[in-house]
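First up is the structure itself, then whatever we jot down about it.
The values are calculated or read from the model by the stated rules, or taken from the named source; none is laboratory data. None of these values were measured; they are calculated from a predicted model. Please note: Cβ atoms are built from the backbone with ideal geometry, for glycine as well, and neighbour counts cover all protein chains shown.
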Amino acid sequence: MDMAQSSEHLCYVRCNFCNTVLAVGIPCKRLLDTVTVKCGHCSNLSFLSTKPPIQAPEKKHRLPSAYNRFMKEEIQRIKAANPEIPHREAFSTAAKNWARYIPNSSEGSVSNGSNNVRN
Ligand SMILES: [Zn+2]
């Protein structure tokens with residue numbers, strides 16, 4: 001069994017200068033780094049980022065739908081309790097209730113939750 005081969009990932013990077021495609025074997029432990037590749041044809045340096053492309057965060061999608069669902073039900077509830085309330089007022093009341101419904105919404109955790117990686 002050849003351990004050395006299986007612990008490498010073969011990546012391809014195209015030289016920005018002469019368009020030669022360079023095959024680069026990257027050790028698995030360096031897979032999260034940016035690797036500098038020197039073109040064998042023109043000696044131009046290319047930077048190969050081995051990080052996987054960032055997927056669209058699911059949290060962003062989930063939060064508005066939870067918010068929308070809450071608002072829809074809350075507005076219905078407020079209107080049922082106060083049939084003569086204007087929609088605008090019912091909406092703002094529901095929005096206030098949503099702010100109370102999420103206890104830590106004032107900490108700004110909504111916009112950049114993807115940075116909260118803990119080991
Ligand atoms: Zn080149």
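If you take the residues of segment 1-17 that are outside any strand (DSSP E or B) and surrounded by 10 or more Cβ atoms within 10 Å (Cβ to Cβ), which of them is modelled with the lowest pLDDT? Full working, then the answer.
Initial filter on segment 1-17 (outside any strand (DSSP E or B)): 1-7, 15-17.
Filter once more, so that each one left must be surrounded by 10 or more Cβ atoms within 10 Å (Cβ to Cβ): 7, 15-17.
Details: S7: 74, C15: 89, N16: 85, F17: 88.
Checked segment 1-17; the qualifying residue modelled with the lowest pLDDT is S7.
State whether the residues of segment 28-43 include one that is in contact with an Asp or Glu (Cβ under 8 Å, 6 or more places away or on another chain) and modelled with pLDDT of 70 or more.
yes
Any chance you could count how many residues in segment 18-29 are surrounded by 13 or more Cβ atoms within 10 Å (Cβ to Cβ) and within 18 Å of S43 (Cα to Cα)?
Filtering segment 18-29 down to residues surrounded by 13 or more Cβ atoms within 10 Å (Cβ to Cβ) leaves 20, 22, 24, 26.
With within 18 Å of S43 (Cα to Cα) added as a condition, the list becomes 20, 22, 24.
Matching residues across segment 18-29 total 3.
What are the residues in segment 46-86 that are at pLDDT 90 or above and aliphatic (A, V, I, L, M), if any?
M71, I75, I78, A80, A81, I85
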